[in-house]
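Here the structure is laid out as structure tokens; the discussion comes afterwards.
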């Protein structure tokens with residue numbers, strides 16, 4: 001076979017493999033592949049320090065499908081939007097494959113409100129009376145955020161609250177800061193969890209599950225399965 005014919009055959013075989021296989025074999029390590037995918041898809045990716053010096057396998061499909069293939073061994077929070085269907089990704093930890101059956105973990109179904117996920121939580125204040133509320137999972141909120149109207153029913157008195165301010169999209173707002181005696185979501189719970197109370201008119205019915213609770217766990221939001229995953233640290 002002549003050299004031009006051999007080159008033509010090689011090009012044809014490579015082309016056939018790409019079309020029929022549908023896989024992306026870019027080579028390199030996992031961290032480099034993730035950075036490349038984020039650049040191509042136009043989304044931000046955080047938490048790459050969790051990724052060790054490991055090779056990346058082949059992945060295929062849409063940008064979202066490729067991302068999920070690459071991060072199959074990691075917990076992460078994914079915010080959808082942007083030109084590729086992804087706005088941002090934050091890697092939170094490596095998965096513990098045995099964690100689903102452990103006592104310190106919870107897989108909690110969420111209720112969608114647009115792009116936000118909501119979960120039911122049992123909260124108790126100084127009076128120890130548990131109250132079930134629906135909270136928006138918000139990793140951008142420093143504390144759990146509740147309306148001021150709940151202060152009396154949770155048993156907070158003036159002596160157990162401090163005045164503060166919270167930064168919101170519309171500017172600084174006055175906040176009363178206290179400590180919930182316990183917060184339970186699914187099968188997991190935490191004690192002495194900081195809470196911020198904001199005027200009801202400001203919240204407009206929204207209540208937030210912030211990092212004062214979430215940081216106690218290794219967390220992932222599964223956007224496709226509508227599930228909040230909380231694993232013991």
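The values are calculated or read from the model by the stated rules, or taken from the named source; none is laboratory data. All values derive from a computational prediction rather than experimental measurement. Reconstructed Cβ throughout: ideal geometry from the backbone, glycine too, with neighbour counts over all protein chains shown.
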In segment 114-127, is there at least one residue being out of contact with any helix residue (DSSP H, G or I) (no Cβ under 9 Å at 6 or more places or on another chain), at pLDDT below 90 and surrounded by fewer than 18 Cβ atoms within 10 Å (Cβ to Cβ)?
yes
Quick count over segment 143-160, residues being surrounded by fewer than 17 Cβ atoms within 10 Å (Cβ to Cβ) and assigned to a loop (DSSP other than H, G, I, E, B), is 4
Reported set for segment 110-132 where residues are farther than 12 Å from residue 182 by Cβ, part of a strand (DSSP E or B) and touching a strand residue (DSSP E or B) at 6+ places or on another chain (Cβ under 6 Å) is 111, 116, 117, 118, 119, 120, 132
Picking from 83, 33, 66, the residue that is farther than 24 Å from residue 136 by Cα and at pLDDT below 85 would be 83
Just one listed residue, out of 210, 178, is in contact with a strand residue (DSSP E or B) (Cβ under 6 Å, 6 or more places away or on another chain), in contact (Cβ under 8 Å) with a residue 60 or more places away in the chain, surrounded by 17 or more Cβ atoms within 10 Å (Cβ to Cβ) and over 20 Å from residue 104 (Cβ atoms), and it is 210
